[in-house]
1. Per the Kirkwood definition applied to all pairs of different Cα atoms, how many angstroms is the hydrodynamic radius of the stretch 148-248?
2. I need the peptides 170-177, 255-262 ranked by packing, meaning the mean over residues of other C-beta atoms within 10 angstrom, with the highest value on top.
3. Which net charge results for the neighbourhood of residue 208, defined as the other residues with beta-carbon distances under 11 angstrom from its beta-carbon, given Lys and Arg at +1 and Asp and Glu at -1?
4. If the cut-off is 26 Å between C-alpha atoms, which lysines fall inside it for residue 325, apart from same-chain ones fewer than 8 positions away?
5. What percentages, rounded to whole numbers, describe P(r) for the stretch 34-128 computed over all alpha carbon pairs with 10 Å bin width beginning at zero?
6. Add +1 for every Lys or Arg and -1 for every Asp or Glu among the other residues with Cβ under 10 Å from the Cβ of residue 36, and state the total.
7. Any idea what the relative contact order of the stretch 157-237 is, in percent, if you count C-alpha pairs under 8 Å spaced at least 6 apart?
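No value in this document is a laboratory result; all are computed from the given coordinates. Everything numeric here is computed off the predicted structure, so don't read it as measured data. Please note: Cβ atoms are built from the backbone with ideal geometry, for glycine as well, and neighbour counts cover all protein chains shown.
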Amino acid sequence: MSKEISTQDESLNGMDDISNIFSISPIGIFIFQGGKIKFANQESSNITGYSCQELIESDSLSLIPSEEKVYTQEKIEEMLRHKKSMPFLTKIVHKNRETKYLLLTVCNIQYQGSPATLAYFFDTTEQERLKEALKTSEEKFYKAFRASPDWVVISTFDDGVYLEVNQAFLQTTGYEMQEVIGKTSVDLGIWEDPRERDELHGILQEYGRVSNAEVKFRTKQDQLLHVLWSAEVIEYGGQKCLIAITRDITHRKLVEQERLNREKLQGVLEIAGATCHEMNQPLQNIYFILDDMLDKYQDKQLYYELKEQIKRLKETTSKLQNITKYETKDYIQGNQIIDIDKASFQCPINPDLQGDKSQTD
């Protein structure tokens, strides 16, 4: 059934009450008749940028971009034939050439005694641009999410159920997607020390974020990984969630440990070198003195034993000066000492211990 704006041969402008309502309406209003705009209110002028006088008698689809005309005409016809009742989204070109979005509704009316079309519309440009910006932002996020070389996961905040994980997480941990989604890090045994997780969860609860916490994770193959873990509380899918980024620093830790071991070895070698340097000269002198004493005294057994012990000392100092790698063993009172028998040396240990006096010159 048509809505009648006027059932007599009188114009809308002659109907003061309705004209006033249309004029002050917060939505844009057009009346089309014979393919032309016959009435335009002030809000339609505000939305389009054209004055009411410029709009009157212009083509009914003149504001619609050429690529939208067919779509808009079809939607209007569907609505006029009562096939659709919900408003539809279309575009217009503002006077300043800016594209705007309209939420448009049309219906059949009588205007000045003849059939006409009433169109009323809202400017939804800001909302549509926000949607487009959000869509673009989400697309960029998911591209970065998928392509990141670091693990990226999204989980529920309260119980830690995995909602999203990226490929880097799956490749590093060895899990398949179906093994992860719907499970928690506790279910998978990801955290080497669950107390660390509880502590960091408490920080997130209080401050909303954690940055570069150094923790240990376990893979499906039970490999221990050293990682930097950062997380932030977000709203995702209408619930409080957590987005966490994990960077594997296992190789870096191994390199760092190797460097520390080298520095420690260097310290040991410097101490050993200094000690051996200070001991070698008096040992060598004692060794030669014993050679002289053996020539003068009949009872030589004691001197042979003493010489043997000094030989052992010289062998030990020679080894200490050439260590390249060592292990430790338990000593008294819980201390550790170098295990000479298991050490590696730079060159074969074969000191000249035959008492050649020329070596002291």
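1. Result for the stretch 148-248, one decimal place: 13.4 Å.
2. 170-177, 255-262
3. With Lys, Arg at +1 and Asp, Glu at -1, the net is 0.
4. Qualifying lysines at Cα under 26 Å: 253, 264, 311, 314, 342.
5. 16, 51, 31, 3
6. -1
7. It rounds to 26 percent for the stretch 157-237.
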